[in-house]
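The values are calculated or read from the model by the stated rules, or taken from the named source; none is laboratory data. Owing to the predicted nature of the structure, the values given are computational and were not obtained by experimental measurement. All Cβ positions, even for glycine, are placed from backbone atoms using ideal geometry, and neighbour counts span all protein chains on display. Accessible surface areas use protein heavy atoms only, side chains included; no ligands, DNA or RNA. Shrake-Rupley method; radii C 1.70, N 1.55, O 1.52, S 1.80 Å.
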Amino acid sequence: MEKRSIQSEMSSYVGKQLRDHFGKGPSSVFVSIEGAFLTIYVKDFLAPMERVLVGQENDKKVEETRDLLMKELIPDIKASFRAIAGIHLDALYYDWSLSNRTGVIIGLIEDGEREDGASASYKNQEKVHEEVERMSWKAEKTPLSIQSFPLNERTLLVERTGILVAIEKELINSGYEQPLKLSKRKLEKRLLHIPTLEKVLEKKVEDAFLDWDFDKDRSYLVLILKP
């Protein structure tokens, strides 16, 4: 099956699964597959009850509930990509922008190639890495490595490794993974200087999403750009 057909079929599938699990599906689902990564970007995704909670500034409760539902949904998404397209996903990550009613799911494709077009360098790549390094240093420490991958004209993925400090590792070992992740997400989004990224990328940043794999000490930042 060609990539465009896979993306179209998986867009329909993910939209239905989100609607079945959350009670309301997104108005749009954009699936992008490139090299070692796939992204699923959803728009206008906020259930009526979630809208009430967000209006009451209870975002944390929405994120905690979505975490529980996504733990059930992720195995189904992995199985469907495998059945429909023969794509084996090593892991799935996700984040939401409740104020924008958007979200992203990030997939790592087993044996996916990072040396093809997805990992090509782009204009001002080093400056993008400098901004991500600055944000990381302020939030925790300088990452051991930073790589970035333009997946398409609207999606830039940044991978960091080696960012956890000792106290964070201790919190994870003590069972505080979810509150740590929610706190780190809020902090790093606040520290990420979007105007700087827009200047060096020469594009408007419409959304920024963050998630972590604490076991492997790595993080993924996805920027949704206006083409």
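Place a +1 charge on the Cβ of each Lys and Arg in the chain and a -1 charge on the Cβ of each Asp and Glu, then give the dipole magnitude about the Cα centre in debye, rounded to the nearest 20. Charge dipole of the chain: 720 debye, to the nearest 20. Cross-link partners for Lys61 among the aspartates and glutamates, with Cα-Cα distance under 15 Å and sequence neighbours closer than 8 places in the same chain left out: Glu50, Asp95.
Taking a straight Cα-Cα cut-off under 21 Å and skipping sequence neighbours fewer than 8 places away in the same chain, the lysines within cross-link reach of Lys141 are Lys127, Lys169, Lys181, Lys184, Lys186, Lys189, Lys216.
When a/c reaches 1.5 or more, the comparison of a/b and b/c decides; with that in mind, is segment 1-108 rounded, prolate or oblate per its Cα gyration tensor? Working shown, then result.
Details: a/c = 2.15, a/b = 1.94, b/c = 1.11.
Prolate.
Return the loop-located trypsin sites (Lys or Arg not before Pro) in segment 36-134 (DSSP other than H, G, I, E, B) with at most 15 other Cβ atoms within 10 Å of their own Cβ; answer none if there are none. Before the final figure, lay out the partial values.
Values: sites: Lys43, Arg51, Lys60, Lys61, Arg66, Lys71, Lys78, Arg82, Arg101, Arg114, Lys123, Lys127, Arg134; in loops: Arg101, Arg114, Lys123.
In loop regions of segment 36-134 (DSSP not H, G, I, E or B), the sparsely surrounded trypsin sites (Lys or Arg not before Pro) are Arg114, Lys123.
Taking a straight line from the alpha carbon of Lys3, these lysines sit under 28 Å away, with near neighbours fewer than eight places off in the same chain left out: Lys16, Lys24, Lys43, Lys71, Lys78, Lys123, Lys203, Lys204, Lys226. The chymotrypsin sites (Phe, Trp or Tyr not before Pro) found in segment 165-227 that occupy coil by DSSP, while having at most 16 further C-beta atoms within 10 Å, are Tyr176. Only helices enter the 222 nm calculation for the chain: every DSSP H run of n ≥ 4 contributes -39,500 (n - 2.57), and dividing by all residues gives -14500 deg cm²/dmol, rounded to 500.
Residues with beta-carbon under 14 Å from that of Gln7, excluding Gln7: net charge, scoring Lys, Arg +1 and Asp, Glu -1? Walk me through the numbers on the way to the answer.
Values: positive: Lys3, Arg4, Arg154; negative: Glu2, Glu9, Glu34.
Overall, the nearby charge balance is 0.
Any idea what the relative contact order of the chain is, in percent, if you count C-alpha pairs under 8 Å spaced at least 6 apart?
Values: 362 pairs, mean separation 38.5, N = 227.
Computed value for the chain: 17 percent relative contact order.
Expressed as a whole percent, the accessible surface of segment 31-112 that belongs to carbon and sulfur atoms is 48, based on a 1.4 Å probe.
Under the rule that an exposed site lies in a DSSP loop and has at most 16 other Cβ atoms within 10 Å, name the longest stretch of the chain with no GluC sites (Glu not before Pro) of that kind, not counting the sites themselves. Kindly include the intermediate steps, with their values, before the conclusion.
Numbers: sites that count: Glu2, Glu57, Glu110, Glu113, Glu115, Glu153, Glu202.
Here the longest segment lacking exposed loop sites spans 3-56.
Among the trypsin sites (Lys or Arg not before Pro) in segment 167-216, those placed in a DSSP loop whose Cβ has at most 11 other Cβ atoms within 10 Å are Lys216.
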